[in-house]
Amino acid sequence: MATPVETISPLQYVTRIIRENPVIPLILLLCALVALLEGLQPGIFNERWVGNTIRFAIPLAMLAACQTLTMLTGGIDLSAGVVATVSAFVVATLTPLVGGPAAIVLALVPAVLMGLVNGFGVGICRVHPLIMTLGTGLIGTGCLQVYQRYVINTGSEIPGFFEFLGTGRTFGMPNALYLFVPFAILILWGLRRTGFGRLLYALGANENATRLSGVRSWQVLMALYTLVGLIAGITGLLYVGIIRAPSLSLANSLMLPSVAAAVIGGTSIFGGRGSYSGTIVGALILTVLGTLLTLLQIPEGARRLLFGAIILAVTAVYVRITDQS
Amino acid sequence: QEYTIGVSNTVQGNGWREEMICAIKAQALDSGLVSSLNIAHRNTDAAGQLEDIRNLIQAGVDAIVVNPANPEGINAAVKEATDAGIIVVAVDQAVTEPSAYVLSNNQEEYGYLGAKWLFEQIGGEGSVVYMRGAAGASADDDRDKGFKRALAEFPGVKVAQEVFTGWQQDQGKQQILDYLATGIPFDGVWTSGIDNVIVDAFVESDAPLVPIVGADNAGFVGQLASVDGLVGAAVTNPGSIGGAGVTLALQILEGNAPADKTVLVAPELWDNVSDEGKAKIAEAQNPNLDPEWPVSVSIPDFTTYTTEEIIACKGPGE
Amino acid sequence: MTRFLTRHSWSLGLFAILVILLVATRIIQPNFGASGLDSLARAALPFAFATIGMGIVVIAGGIDLSVASIMAVAGVIAALLMQQMGDASAGLVVLIVLLAGVTMGAINGLLIVLTRVPDIVVTLAMLFVWEGVALLILNAPGGTAAPWLRALVVGGVTIPGLPPELTAWLPRAFVVLVAFTLIIWLPLRRSKLGLSIYAIGSDQNAAFRSGVPIGLTRVAAYAFAGLFAALGGLSITLSTGIGEPIAGPYLLASVAAVVLGGISLTGGRGGLLGPIIAVFILRTLRLDLTLLSVDPNVTTIIEGIIMVAVVMIGGLLAMRGPR
Amino acid sequence: MTEAASGRPLLDASGVAKRFGAVVALKDASLTVAAGEIVALMGANGAGKSTFVKILTGALRPDAGHIHLDGQDRRFASPAQARRSGIMPVYQEPSLIPDLDVADNLRLVDVPVEPFRHWINELGIADLRLDDPIAHLPLATLRILDLALTLAKEPKVLMLDEMTAALPTDLVERVLTVIRAQADAGRSVIYISHRFAEIARVCDRASVLRDGVTVGDFTIEPGIEEKIVELMLGGVPTRIEASGTRARDSAAAAATPRLQVRGIGAGSKLADVSFDLHKGEVLGVVALEGQGQDELFDVLAGFRRARSGTIEVDGKPASFGHPADAIARGLTLVPGDRKDALLMLRSVRENIALPQLAHPSKWGAIPMRREAARVADAVERLQIDMRAQAEVRRLSGGNQQKVTIGRWVAAGVETLLLFDPTRGIDVRTKHQIYPLLRELAGQGASILFYTSELDEVALACDRAIVIFGGRVVDVIEASQASEQNLMRAAYGLTEVERQPSATEAQP
Ligand SMILES: Nc1ncnc2c1ncn2[C@@H]1O[C@H](COP(=O)(O)OP(=O)(O)OP(=O)(O)O)[C@@H](O)[C@H]1O
Ligand SMILES: Nc1ncnc2c1ncn2[C@@H]1O[C@H](COP(=O)(O)OP(=O)(O)OP(=O)(O)O)[C@@H](O)[C@H]1O
Ligand SMILES: [Mg+2]
Ligand SMILES: [Mg+2]
């Protein structure tokens, strides 16, 4: 029964547009970072660099999808990095033994399994996702260590398909886009236009209300964490295709950046708010930022300090303009 | 007489360390003198290693083989161990506690040897990309000293870019691709063991290859022999030093302590330019080995196990 | 009495587990005694301080992902200053380090309050920042620690006038831990600030309406976390004798201990007794697994499983209890 | 404007404005209160009353306006500051810290125990222990604690924002008595309630807020209500009348009841409740606070399991382990607290469509058109104000309530369990809700309707069961449901009459 404001100044108009499309300022920021990079290293903004940047942003964005999806429900998946690593290591070591297709399937089994365990803990035992996924991450690492002892002499080989996705290019752009574009469309569509996507937001916004509406949250959470495990597993396969060197800690270093990408992208860590499009831009921003800092000739300490400070500044500005508090 | 030997290691999940553990197990089994191994193997810091060593003291082991987190941080526990009559052998890196035996890869020499070869290779003139390990790690710091020493000998050589890979394959690859994309020319790459992904990056992005220095990891040694146009050198840094540590510990337990408490294992350099280096590389090929594992799976005069035994990675009682 | 029991049932349960583990240790290794307890307490010290710091912010409804990095900064400051200023001024160094810890924590808190960005995000960013600061101070392990300070946390307690057999089993490190915890936490908990910390964690809106200065309280909570993290960093430097710029594995361990110890991650609930017991449980567990010479990779799995299982069982118990 | 009897105003606010994003909550609000005076702040849902109180007490910052206290211009930065100046509110939501016990809550706000105890006794809470954690106390007790806490600090100006909304009648009486005494002792009170009876009893003046503007200020006198309501609503006729038609026919009563509840017991409060709910019937539930009605609704909605007893839906036994089970059998709950029912951050559409997506078979693509049509239909039927539809939290309380009901209307309601759905809702909205209930019943729905406002029984129900001490003590037809009758029953008096022997047996 209150009256909406009738007259709107141009500034307010712009503010409103930004508020309704929070990806715009992120894209602007990305452009600014690229411009800064080009200023520091003239000529770096070329097809090859763009391709590489996208290629490395894709696995980050995929792992950050795990964070976005779980964060929408107020959760988090700290095991995603380990899951990706496990899948990557398993596929590389099994391919020489059982061939590519079988190895891919076998590599995704532990990923789904860890997702199921996470879902069981979070959905049914009501363990806090932070602690649950931390625990499964530990268990996963331990199992991987045990596993690797049995495959020391099998050598390693990346299935051709993922090598194609990871290292090939089409018109200068990385082939990883063949996997990522459908994936991103599916996630974007799924979050907006499917019942499951809506329920993720609903659970994060108010679990009690969701229960009251007849939703069995454990079903949603089980499905969610299993799905997220699968996504992390696929990310691992793609990542090992890109890096072509399986290691026992391959994707672990993507873990914290994946959380950062989701957060920079405007997903609320408390749930109920966020979008995957923001996350994708967030992943690109982090990747460009990484390049920027790598190429700056400053001490390593200063580099990390700047990395943290910039993440914080971006998120703070973003929270201001989209008025999340 | 059968002994129990404790092991303490603070980095989990990289091929080099896994090889070290397997070498320890294989050597312990092969020696026939070890009844059981007590291994503390996890990611932790010096304080955590203090805990592990003290736990091993509690377990009453006869000797401890330790890969120290850093040369000074664990002295207290090492002293406690030697005071309790336990033989302590530090492998890979030295500890400054004088009661311990040291059987160490010479990290400073590692850095120096590769850098010197690289600078000579590019004719003492030009710029190189310097890809270090993990910031703040003492092995990285030692290698840096060696690198800087070589750099001082070649005034014509500049460091075009210094980066920390954190000993992570993905970091290293992304960093070199970024640098390649800048288009700034450079003449060589020194890596701290994140090497095969660097070669891959050159090949994938069709960049002209420059001389690359890496470690004797199976993947990189394979590339040295097979990648067209690659000029490079592998500096040995055997993970099997762990096995050598077991041998040394057993010798001491049996009463054959060496005269000098410190034994430095000098690194070798195998380049694919000289005939001698080529021969070494050809001999060292092992395509079946995990690409992160160093190919030098044994150390002459110290280890007695076979390649099959280290790959089986079985210790006494397993 | 029953109220007391139900209120502290989790801590009591944990204590029972600890006792069982210690008895088991004694059975596995009949020689386990004073020196074993001593090394256990020394190993637990940095973990316990990190856990206390984490516990305070979690009670306040936040989380501090930068504890381990703050510990690293405190450790390198301590090591560097003690090297430069000499053993005699080590006491002063301790004060400086603690002050630095409080400052770092307060900066974390201020940034959270001023930017209105969620705690977990701010401290994630500050994790990198403090890590960078540590590396800028010392780019490789180095520095020293004053021997007389190092001796403070080594060995058993000796009280003049009492026969040493009576007190020798009690590790000094444990006494230091208890002393600092009691001196700082007990008065804090009973003070209005302490209540306010619980209040903002329990229901921030209600706290605001009750007149609690939310921002100030949050900054204070983080400052205390910084203080305890600095104590943790200091204790690392004292035990290793040097400063290490790379953060140790204290972040995840402290989160795990806090949760195992019965502090709710949603804030407002729990005390510090449980988490400290949880730290000792985790340390004793590692000791036992080493004594049993369990395969090290399996050790990781066991630790993970125990952590998950305990929390799961806790979750199931909570569900079967009052709704 | 009538000047207060005791002269110079103690608190004087004028021209207060506040905007949340694009919505103007307050445009030009003003209020004066003198010492010894009780002023009612009135207004429809969303008029801005709560916002005004929050501004006056420093919980929100105004965009414009002046607040004078004792003639001095004041602007409070926080509730703590306002408190120090003697302005103390009891907000609409409980302000106690759930995880602390009562004693710690007192210490947190520096309230001495003795005066607090005094007020607690005065307000009629007998069995309170200081080491009870707040989270374990019922809502009504919390409201009283809030008030007692505030009184113990001896406020100059006391502000009560719908604090009686969740209170049973007996406690309301005590509250009114206490605040009248406060005023008589020279303190000022600002009192917000949607109930005219309360306002007529204790208030001296009423200030009326409409759409964020203060539109009138009256001395309370007989007959003024009409005028206030007119101003409040801007000219909507609102004589309180029984609305809708009773559609229950005797044939339906004879058939199998939609819901047959026998001997249900749960928790410590609900002992043994039995009743039948027929198709097309609105069955009222009347009870004082804490007589087991919460547990009854929880059991029926599948939120908790019964200890004893049976439930039959359409003649077939039912047992609910989860709300989903209840919904599958057509039982749907509108809880007492909107915050329990709504996704505050999400849109009206998502809130209304939520139950449609519950089952895993519906997790796939959403039929967008069909959903839009359904939602539009529900919005239309409930006349939900859709201006702030993008986020439900921006809707006013009344509209939020409509969304919680609209969800089940859109889903096709069979048996609706309404737990005090009109709590804190203005007259106009209430009078939209009653006919809607009758209409739904007319279309064959069954409605179980707990209300804390006794006059609603006559307005909306066919019959009412009265619960006391966890048992049904009376069943009253709508025609007999005068407030007096209901009240007597609710206090368990009728039961006493029926079982004289039981009372005599007691000393
Ligand atoms: N955070 C907010 N953002 C946007 N609009 C808001 C916000 N809070 C309140 N409003 C709007 O301001 C108006 C006044 O709200 P307020 O809650 O103060 O009304 P009220 O008088 O308390 O009504 P009720 O009796 O329903 O509680 C409403 O139209 C509401 O939609
Ligand atoms: N600190 C705050 N900052 C911003 N908005 C606030 C703050 N506190 C409350 N609000 C907003 O003020 C509005 C009024 O709150 P209130 O609880 O009175 O609403 P309500 O639920 O409509 O009340 P009612 O019970 O009368 O229906 C809400 O929309 C809420 O979002
Ligand atoms: Mg209100
Ligand atoms: Mg309101």
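The values are calculated or read from the model by the stated rules, or taken from the named source; none is laboratory data. Computed from a predicted model, the values in this text were never measured in an experiment. Cβ coordinates were reconstructed from backbone atoms using ideal geometry, including for glycine residues, and neighbour counts include every protein chain displayed. All accessible areas refer to the heavy atoms of the entire protein, side chains included, with ligands and DNA or RNA removed. Shrake-Rupley method; radii C 1.70, N 1.55, O 1.52, S 1.80 Å.
A compact table of results
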read-out: Scope the stretch D:52-66; condition free of Cβ contacts under 8 Å to residues at least 40 places away in the same chain and within 10 Å of ligand 3 (Cβ to nearest atom); matching residues; value: D:LYS54
read-out: Qualifying position, being surrounded by 24 or more Cβ atoms within 10 Å (Cβ to Cβ), within 20 Å of A:SER253 (Cβ to Cβ) and within 14 Å of chain C (Cβ to nearest Cβ), among A:LEU130, A:LEU138; value: A:LEU138
read-out: Subset of the stretch D:128-172 [within 16 Å of ligand 2 (Cβ to nearest atom) and either assigned to a loop (DSSP other than H, G, I, E, B) or on the phi > 0 side of the Ramachandran plot (or both)]; value: D:GLU162, D:MET163, D:THR164, D:ALA165, D:ALA166, D:LEU167
read-out: Unique match (being more than 14 Å from chain C (Cβ to nearest Cβ), at pLDDT below 85 and away from ligand 2 (no atom under 16 Å from the Cβ)) among D:ILE38, D:ILE125; value: D:ILE125
read-out: Residue selected from the stretch B:52-81 under the condition without any contact (Cβ under 8 Å) to a residue 24 or more places away in the chain and within 8 Å of chain C (Cβ to nearest Cβ), by the criterion farthest from the chain's Cα centre (by Cα); value: B:GLN58
read-out: Pairs with Cβ under 8 Å, 6+ apart, first in the stretch D:396-410 and open to solvent by less than 10 Å² (accessible area, probe 1.4 Å), second of a type in the set (Lys, Arg) and within 8 Å of ligand 2 (Cβ to nearest atom); value: D:GLN401/D:ARG338; D:THR404/D:ARG338
read-out: All positions within the stretch A:258-277 that are surrounded by fewer than 24 Cβ atoms within 10 Å (Cβ to Cβ), at negative phi and not charged (D, E, K, R); value: A:SER268, A:ILE269, A:PHE270, A:SER275, A:SER277
read-out: Close pairs (9 angstrom Cβ cut-off, 6 or more residues apart or separate chains): at the interface with chain B (Cβ under 7 Å from one of its Cβ atoms) in the stretch A:240-254, outside any loop (DSSP other than H, G, I, E, B) and among the basic types (Lys, Arg) anywhere; value: A:ILE243/B:LYS173; A:ARG244/B:LYS173; A:ALA245/B:LYS173
read-out: Condition met for C:THR299 (facing another protein chain (nearest Cβ under 8 Å), hydroxyl-bearing (Ser, Thr, Tyr) and in contact (Cβ under 8 Å) with a residue 24 or more places away in the chain); value: no
read-out: Residues satisfying the stated conditions in the stretch C:100-120, i.e. at the interface with another protein chain (Cβ under 7 Å from one of its Cβ atoms) and open to solvent by 10 Å² or more (accessible area, probe 1.4 Å); value: C:LEU111, C:THR115, C:ARG116, C:PRO118, C:ILE120
read-out: Complete set of residues in the stretch A:89-115 that are open to solvent by 40 Å² or more (accessible area, probe 1.4 Å) and in contact with a Gly (Cβ under 7 Å, 6 or more places away or on another chain); value: A:PRO96, A:VAL112
read-out: Set D:LEU160, D:LEU167, D:LEU176: member being more than 16 Å from ligand 1 (Cβ to nearest atom), within 25 Å of D:LEU31 (Cα to Cα) and open to solvent by less than 10 Å² (accessible area, probe 1.4 Å); value: D:LEU176
read-out: Selection count where residues are within 12 Å of chain A (Cβ to nearest Cβ) and either hydrophobic (A, V, I, L, M, F, W, C) or without any contact (Cβ under 8 Å) to a residue 12 or more places away in the chain (or both), scope the stretch B:281-304; value: 4
read-out: Some residue of the stretch D:359-372 being surrounded by fewer than 19 Cβ atoms within 10 Å (Cβ to Cβ), within 16 Å of ligand 4 (Cβ to nearest atom), within 11 Å of chain A (Cβ to nearest Cβ) and more than 19 Å from the chain's Cα centre (by Cα); value: no
read-out: Contacts under 8 angstrom Cβ, first residue in the stretch A:22-38 being more than 15 Å from A:TYR318 (Cα to Cα), partner not in a helix (DSSP H, G or I), 6 or more apart; value: A:VAL34/A:PHE45; A:LEU37/A:ILE44; A:LEU37/A:PHE45; A:GLU38/A:ILE44; A:GLU38/A:PHE45
read-out: Selection from the stretch D:384-395 of residues that are more than 10 Å from ligand 2 (Cβ to nearest atom) and either surrounded by fewer than 21 Cβ atoms within 10 Å (Cβ to Cβ) or of a type in the set (Gly, Ala, Ser) (or both); value: D:ASP385, D:MET386, D:ARG387, D:GLN389, D:ALA390
read-out: Subset of the stretch C:219-247 that is open to solvent by 20 Å² or more (accessible area, probe 1.4 Å) and part of a loop (DSSP other than H, G, I, E, B) - its residue that is farthest from A:PRO129 (Cα to Cα); value: C:GLU244
read-out: Scan of the stretch D:333-356 for residues that are open to solvent by less than 10 Å² (accessible area, probe 1.4 Å) and closer than 24 Å to D:VAL313 by Cβ, ordered by number; value: D:VAL334, D:ALA341, D:LEU354
read-out: Hits in the stretch D:380-399 (condition: within 16 Å of ligand 3 (Cβ to nearest atom), part of a loop (DSSP other than H, G, I, E, B) and at pLDDT below 80); value: D:ALA388, D:SER396
read-out: Elements of type helices (runs of 4 or more DSSP H) in the stretch C:1-79, at least 1 residues being touching a Ser or Thr at 6+ places or on another chain (Cβ under 6 Å); value: C:9-28, C:34-59
read-out: Failed item, numbered, when D:GLY48 is tested on (1) more than 13 Å from every other protein chain (Cβ to nearest Cβ); (2) at positive phi; (3) within 15 Å of ligand 4 (Cβ to nearest atom); value: (1)
read-out: Count of residues meeting criterion [within 16 Å of ligand 4 (Cβ to nearest atom), more than 15 Å from D:ARG387 (Cβ to Cβ) and small (Gly, Ala, Ser)] in the stretch D:11-43; value: 3
read-out: Cβ-Cβ under 6 Å pairs, at least 6 apart or on other chains, the stretch B:8-36 side part of a helix (DSSP H, G or I), far side among the aromatic types (Phe, Trp, Tyr) and open to solvent by less than 10 Å² (accessible area, probe 1.4 Å); value: B:GLY15/B:TRP293; B:GLU19/B:TRP293
